[in-house]
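Below is one structure, written out as structure tokens; comments come after it.
What follows is calculated from the coordinates using simple rules that are stated; it is not laboratory data. Since the structure is predicted, the reported quantities are computational estimates derived from the model, not experimental observations. Cβ coordinates were reconstructed from backbone atoms using ideal geometry, including for glycine residues, and neighbour counts include every protein chain displayed.
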């Protein structure tokens, strides 16, 4: 890319730390940072994530054009130095792959990711926890394993998701600042 903005894709499985790290990284990088969160969009795509992951698993089955549109708006803003893309697919989507400057994969152990998902959900009954856990066992875990097998190898940087958020963020800040200086 050679110039700002650097577009940083942060990928991980659900509960892997994408959003938390994106927010912390933005705070460390300070001014000129925009975050684009995949979860903020109602994207057209497969209705059942688990079935999609084990059958097709083709990231291009999702229409991410609203995300591309937002990124292109930020690219035109000369004050934007970094765009952080909180997004699960790394370089594996044709609409976004050429926009990404650095792809980061947070390699979070499945048990940690599941625990985080259980903590962040607003369950009102124990039965809801049981149902969600059974869905995870029936097809969610396999879908996450497939994502790891596909997305992780495509990333430029793989970070240990068992590290603290601060340790992950500091490693990324150092890498990004080094890349930014080398490309000026």
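Computed quantities for the displayed model
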read-out: Any hit, the range 15-36, residues being under 21 Å from residue 140 (Cα atoms) and touching a helix residue (DSSP H, G or I) at 6+ places or on another chain (Cβ under 6 Å); value: yes
read-out: In the range 112-127, the residues that are closer than 27 Å to residue 35 by Cβ, in a helix (DSSP H, G or I) and free of Cβ contacts under 8 Å to residues at least 24 places away in the same chain; value: 118, 119
read-out: Flag for residue 138 being surrounded by fewer than 12 Cβ atoms within 10 Å (Cβ to Cβ), closer than 26 Å to residue 45 by Cα and touching a residue at least 12 places away in the same chain (Cβ under 8 Å); value: yes
read-out: Residue ID - surrounded by the fewest Cβ atoms within 10 Å (Cβ to Cβ), chosen from residues in the range 151-169 that are in contact with a helix residue (DSSP H, G or I) (Cβ under 8 Å, 6 or more places away or on another chain) and part of a helix (DSSP H, G or I); value: 166
read-out: Only one of 83, 10 that is under 22 Å from residue 112 (Cα atoms), in contact with a helix residue (DSSP H, G or I) (Cβ under 8 Å, 6 or more places away or on another chain), surrounded by 18 or more Cβ atoms within 10 Å (Cβ to Cβ) and in contact (Cβ under 8 Å) with a residue 40 or more places away in the chain; value: 10
read-out: Selection within the range 37-63 - assigned to a loop (DSSP other than H, G, I, E, B), without any contact (Cβ under 8 Å) to a residue 24 or more places away in the chain and touching a helix residue (DSSP H, G or I) at 6+ places or on another chain (Cβ under 7 Å); value: 45, 46
read-out: Among the candidates 130, 97, 34, 69, residue that is touching a residue at least 12 places away in the same chain (Cβ under 8 Å) and either over 26 Å from residue 149 (Cβ atoms) or in a loop (DSSP other than H, G, I, E, B) (or both); value: 34
read-out: Search result, residues across the range 17-27 that are part of a helix (DSSP H, G or I) and under 18 Å from residue 161 (Cβ atoms); value: 18, 19, 20, 21, 22, 23, 24, 25
